[in-house]
Amino acid sequence: MDSTQNPKNSDDTSSPAQRHLQTSNQSSSRTGANRATVSRRSFLAAGTGVAATALAGCVGDSGPETFTIGAIHPLSGDAGEIGERMQNVMNAGVQAVNEGADLGPLVGTEGEGLENHDGIEVEIEWRDHRGDAGQGRSEAETLVLDEGVDVLCGSYFSGVTDTAAGVADREGVPFVCGTAISASLTELGYDWFWQVPPHNDKKAESMFQFLDEFNEEQDESLQRVAIIHEDSTFGTDAAGYMEDRAEEFGFEVVMGPIAYSESDISSFSSEISQMQSEDVEVLVPASNLRSANILLGDMQTAGWYPELFLTNGSAYVDPSFLEDAELSDHIFSSIEYADDMFEIYPEIDEYNQYAIEHGGTSFDGSSLLGWGELFTIIGAANNAESLSSDDLKDSLDSLRLEPMEGGMPYPVEFNESGYNDESFSSIIQNNDSEMELVWPFEDAQDGTLTWPVPGWDER
């Protein structure tokens, strides 16, 4: 998601959402692509959406028949369930745009279709990248060159997002990323790429700012940190920023960053032994689902747990991981979602109820990001002078969505690199298979924090 967020002023008692609401509305511009293509700047401001696999068509000189989004996400493989939940939630959002819905400030849901473009309907053309970067590139080429989609989005995995976004940049088609969090994505020089959620650097900043404030709040002195990560773009990127931010906030990285192969790892026994010998107090991993389960299982077998287990989200907040409360409970994560956020942000609760009723799926840490991905696109599309690529690009470059307008608790406004400077992460703790917000402390509900964390034999 790029610039970083300054540490919160200790005298500022407003919540993150309130602080962002006070942010002045400043627009930023980006350099456009050299080739003449249809601008995307208006792309996100109005609602578009309808689910399924329809193509963008034309009706003579009357303009496009539909506004078509090409969504490239994992719909099979290890992350297939995550992708399916995003698909269900985003399809529900498309229905809200095309049929109209009483969803308060959510962009594009007051009328039927894109209201600033004669009510044109929105469609999503879904593609499965199966976690493979080459497949993601191929699907992007098919969607752009053969299906003629108006915009691309995705792709959960940062490595796949990179290859798909490269196609979009080459062909002059907007790519809106709401679900991949590698900070390097906005450093690749793509002119047709916009990243909505907090990226790894901002998440790392939140993690160690929380840990710094946690030590003061709980009169603790946790200092000794171990960083371990899977060796994809996502994991390597995350580990580098976590190391930098740990040192910035005065923590000692006594082990790592240690890399491993997500597909090849079968045991963390040696790493756990090393963490024990190094007297690690805070374990900071960046994992996908498979390795997250192996790591926690091996820690349980060894009978060892750090004082505090702190992650940047991802696998550790996935519903399938949370099902095993014995393993997943008491982990802290940087994330935009919490199960108690519906009480903190009633608008998100309203959106969630709509997604359940019309998509059969509740929000979680991943599907909520898909919702924000979609409504950023809707907001830009509705604001664009036309639905041409160049106008969509202009609209995205100058886009300003207030909290909740884009479906998320933070605003959307892109800097010159295409990163949403206004995004932020909270810290949650898993308790009884539920994710409860614990930081910022002023936003947390009473009784959500479990501390000290109980050992394996106490669970």
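Numbers at a glance
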read-out	value
Set D324, D279: member being at pLDDT 95 or above and open to solvent by 10 Å² or more (accessible area, probe 1.4 Å)	D279
Residue in region 417-432 that is within 18 Å of S333 (Cα to Cα), among the hydroxyl-bearing types (S, T, Y), assigned to a loop (DSSP other than H, G, I, E, B) and under 16 Å from the mean Cα position of the chain (by Cα) present	yes
Candidates A226, A259, A239 - the one that is in a helix (DSSP H, G or I), closer than 21 Å to A292 by Cα, modelled with pLDDT of 95 or more and in contact with a strand residue (DSSP E or B) (Cβ under 8 Å, 6 or more places away or on another chain)	A239
Options S417, S398, S426: the member that is crowded, with 24+ Cβ neighbours inside 10 Å, small (G, A, S) and within 29 Å of V97 (Cβ to Cβ)	S426
Test: Y419 is out of contact with any strand residue (DSSP E or B) (no Cβ under 8 Å at 6 or more places or on another chain) and either of a type in the set (S, T, Y) or more than 19 Å from G178 (Cα to Cα) (or both)	no
Hits in region 290-306 - residues which are open to solvent by 30 Å² or more (accessible area, probe 1.4 Å) and either outside any loop (DSSP other than H, G, I, E, B) or in contact with a strand residue (DSSP E or B) (Cβ under 8 Å, 6 or more places away or on another chain) (or both)	R290, N293, I294, D298, Q300, T301, A302
Set L152, L103, L143: member being surrounded by 18 or more Cβ atoms within 10 Å (Cβ to Cβ) and part of a loop (DSSP other than H, G, I, E, B)	L103
Positions within region 348-384 being open to solvent by 10 Å² or more (accessible area, probe 1.4 Å), of a type in the set (A, V, I, L, M, F, W, C) and touching a Gly at 6+ places or on another chain (Cβ under 8 Å), in sequence order	L369
Residue match in region 216-223 (condition: part of a helix (DSSP H, G or I), under 25 Å from P452 (Cα atoms) and in contact with a Pro (Cβ under 8 Å, 6 or more places away or on another chain))	no
Subset of region 255-266 [β-branched (V, I, T) and open to solvent by 30 Å² or more (accessible area, probe 1.4 Å)]	I258
Residue within region 191-200 that is surrounded by fewer than 24 Cβ atoms within 10 Å (Cβ to Cβ) and modelled with pLDDT of 95 or more present	yes
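The values are calculated or read from the model by the stated rules, or taken from the named source; none is laboratory data. Note that this is a predicted model, so its numbers are computed, not measured. Here the Cβ is made from the backbone with ideal geometry for all residues, glycine too, and neighbour counts use every protein chain on show. When the accessible area is computed, the model is the full protein with side chains, heavy atoms only, and any ligands, DNA or RNA have been set aside. Shrake-Rupley method; radii C 1.70, N 1.55, O 1.52, S 1.80 Å.
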